[in-house]
Amino acid sequence: MARGILAVLSIALTVFALADCVQTQDDKVRGVPKWAWIVLIVLIPWVGPLTWLFVGKERSWGRGSSGGPGPRRDGPLAPDEDPEFLRKLDEDIRRERRERRERGEGPDDSGELDDGPGDSGTDTGRST
């Protein structure tokens with residue numbers, strides 16, 4: 001049983017490392033050329049794949065605020081964090097309330113939006 005698990009793990013590690021090696025850009029490969037890494041990964045179980053994963057490729061381990069290289073967003077992450085979006089939303093709400101007040105359609109601070117002209121919201125869809 002243990003041999004079977006070790007064999008499956010060895011094959012899985014080899015396949016993972018091989019796929020990673022093949023998909024890596026040539027300028028990110030360290031040490032020896034990519035073709036040599038492929039040969040090492042396939043021919044030397046455990047050592048080849050593990051060596052590739054730890055040594056063979058330039059990796060950016062640290063990301064974000066840790067100062068490591070990697071993609072970072074310099075703007076807001078969501079619309080509700082964007083001050084420009086919030087400002088425009090506030091202007092739209094104020095404009096809509098002002099237009100309602102000018103048309104005389106009811107209180108402007110109720111916080112409720114109507115569904116359109118003639119829709120009172122009481123229609124249940126049943127006819128009597």
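The values are calculated or read from the model by the stated rules, or taken from the named source; none is laboratory data. Quantities reported herein were computed from a predicted structural model and do not represent experimental measurements. Please note: Cβ atoms are built from the backbone with ideal geometry, for glycine as well, and neighbour counts cover all protein chains shown.
On the basis of being of a type in the set (Lys, Arg), modelled with pLDDT of 55 or more and exposed (fewer than 10 other Cβ atoms within 10 Å of the Cβ), does Arg126 make the cut?
In short, no.
Select, from Gly56, Gly48, Gly70, the only residue that is modelled with pLDDT under 90, surrounded by 10 or more Cβ atoms within 10 Å (Cβ to Cβ) and within 25 Å of Ala7 (Cα to Cα).
Result of the check over Gly56, Gly48, Gly70: Gly56.
Asp90 versus (1) at pLDDT 90 or above; (2) touching a helix residue (DSSP H, G or I) at 6+ places or on another chain (Cβ under 9 Å); (3) not assigned by TED's automatic domain parsing to the domain that holds Ser10: which is the lone unmet condition?
(2)
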